[in-house]
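Presented below is the structure to which this report refers.
The values are calculated or read from the model by the stated rules, or taken from the named source; none is laboratory data. Quick caveat: nothing in here was measured; it's all calculated off a predicted structure. Please note: Cβ atoms are built from the backbone with ideal geometry, for glycine as well, and neighbour counts cover all protein chains shown. To get the accessible areas, we keep the full protein, side chains included, count just its heavy atoms, and leave off ligands, DNA and RNA. Shrake-Rupley method; radii C 1.70, N 1.55, O 1.52, S 1.80 Å.
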Amino acid sequence: MANQRSIQEINEKIKRGVAIVMTAEEVIDLVSDNGIENAFNQVDVVTTATFGPMCSSGAFLNFGHSDPPIRLENLSLNDVVASGGLAAVDTYIGATDEAPKSNGEYGGAHVICDLIEGKTIELKANAKGTDCYPETSVKRNVQLKDLNEAFLFNPRNSYQNYASAINLSPEPIYTYMGTLLPDGQNITYSTSGQLSPLLNDPYLKSIGIGTRIFLAGAQGYIAWNGTQFSTSVDRYDNGIPKSPAATLSVIGDLKNMNSAYISPAVFKNYGISLNVGIGIPIPIVNCEILKHCAISDAEIQTNIIDYSVKKRSKPVVQTTTYKQLRSGQITVNGKDIKTAPLSSLKKAREIADTLKKQIQRGEFLLTEPVEYFSLNSKVKPMKEEGTKNEN
Amino acid sequence: MKTKLKITFPAHLTSTPLTYILVKEFDLMINILKADIDFNHIGNILYEITGEIDKIDLTLKHLKTLGVKCELIKSTIAIDEKLCTDCGLCISVCFSQALTIGEPDWALDFDTDKCVGCNHCVPVCPSRAIYEIASQ
């Protein structure tokens, strides 16, 4: 049938090495030069990518049993506390936990990346000792290869249309968006814009539970919707949400990851985060999907938020486009203000290109989601004492 | 020639007008980028100097005879390219346009000539890729 193809057909082409794959930047020119209908016949897959700090990240680890066995109750990895709330020798280490004596310079993100780089990590644990698990303390030096399982599981990554940040107060503020200088002297922003995964599929028509993705160099999967998943938001005519909207929970094997695509990030007076590289292929199954992939930075609007307002809802100072943010300067209230990214477009391009080559070589097949995401999802604030939340 | 000159002077020279000497005797054009004196009365000054090569040479010799430690430096910071992710956050606090990022490749670019040695970028770099160059 014209202007329609299935994921199965695309995968057959990939296996035969004849699929046409383009990055979400390359496809913009293809569509503007040829129009949607003609372009549809010239592209099967579009690769999207992002590389930036994603605080809601962490890893599940299993150390294998000691002899006599112990249940790890209070444990640390290189002095970073990890969860002792799972059975026996499983743990979850969160990216943002800090080692107490590191002056905020070493945390869970560093432990995860040290493991990926093959470095030795010190596991220290104690327990009350039970009939099942009689041992009361262990101290071991372990590497990733010594662990049974080690997988990244990030509850909230790849935010759709994250807002950019300004500080209109007279004092500098230190945020996860970087150091924001007083009186609105700089603006920072954090997505790869026209290359960003969820901005290329704003209604999540191809991305869902079970979608195979590029995760920090490994083949990973979308495990679930991300936390604070919000799809029932106001949208522009092109489908781009007017405020931060969808998010993804992603999972992947640490043992296949590459430190070129995952690294610790330390933000002054804020704390630790994890730079995560994510690439998502979009199967061009119809013209509507392609139309969304062809949206360019000039058509992606985002809000500039005043981070100096210490409330949950921060005021929108101005709406801008990614084209303007990328230009390095924006006029706000009649003043030219410098803009700077905190997610790496260079890395995002490397990821989109790497994924493209993997698909072209037949090493990466596309998936149909096991389940699609709801488009009616709302985010609730934390419940206030003595009030009732709606729903 | 235009370069950066970093000097460290001992406590007994605290009240000697060193900058005046550099201007008056060696005909240097001077821009003081940074100056401080610590609790031990040891002072540091970072200059941007413009002058004839011979005169800069004589300046260094003269300062050394006075007991001033001095070195010509290109910049006060360096970037570890293995750690840098080319995110671009450092440019948000760089107002001398020494650090820039953009098309075509969105790779971080560092122009040492434009760096004024404020070092604001050092704590801002999330990858800890930018570090201060230690004095000799």
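How far is helix B:53-66 tilted off the main Cα axis of chain B, in degrees rounded to 10, range 0 to 90? Roughly 60 degrees between the two axes. Derived value for the stretch B:76-132: Kirkwood hydrodynamic radius 11.1 Å. Basis is the mean of 1/r over every pair of different alpha-carbon atoms.
How large is the accessible surface per residue of chain B, computed with a 1.4 Å probe and reported in Å² as a whole number?
On the way: 7480 Å² over 136 residues.
That works out to 55 Å² for each residue.
Its Cα centre serving as origin, the stretch B:2-73 has a Cβ charge dipole (Lys and Arg +1, Asp and Glu -1) of approximately 100 debye.
Per-residue ellipticity at 222 nm, computed for chain A from helices alone with -39500 (n - 2.57) per DSSP H run of at least four residues, works out to -4500 deg cm²/dmol.
Could you work out the relative contact order of chain B, using alpha carbon pairs under 8 angstrom and six or more residues apart, expressed as a whole percent?
On the way: 224 pairs, mean separation 34.2, N = 136.
Across chain B, relative contact order equals 25 percent.
Take chain A with all the other protein chains still there, run a 1.4 Å probe, and you get 43 Å² of accessible area per residue. Centre-to-centre, using Cα atoms only, the stretch A:252-291 and the stretch A:113-135 are separated by 28 Å.
Shown in residue order for the stretch A:164-181 are the 3J(HN,Hα) couplings computed by the Karplus curve 6.51 cos²θ - 1.76 cosθ + 1.60 at θ = phi - 60°: 9, 10, 9, 10, 9, 7, x, 10, x, 10, 10, 10, 6, 9, x, 7, 9, 6 Hz (x for Gly and Pro). Distance from the Cα centroid of the stretch B:23-65 to that of the stretch A:23-53 is 56 Å (rounded to whole angstrom). Element breakdown for the protein assembly as shown at a 1.4 angstrom probe: carbon and sulfur atoms account for 49% of the accessible area.
Summarising the amide proton neighbourhood of A:Arg235: residues at separation of 5 or more, or on other chains, whose placed amide H is nearer than 5 Å comprise A:Lys242. Shown for the stretch B:107-136: residues covered by the partner protein chains by 40 Å² or more of accessible area relative to the chain by itself (probe radius 1.4 Å), namely B:Pro123, B:Pro126, B:Arg128. Between A:Asn286, A:Asn154, A:Asn200, the Gaussian network model of chain A with springs among Cα atoms under 10 angstrom shows the greatest mean-square fluctuation at A:Asn286.
Per-residue 3J(HN,Hα) values for the stretch A:46-51, derived from phi via the Karplus relation 6.51 cos²θ - 1.76 cosθ + 1.60 with θ = phi - 60°, read 10, 9, 10, 6, 8, 9 Hz in sequence order (x marks Gly and Pro).
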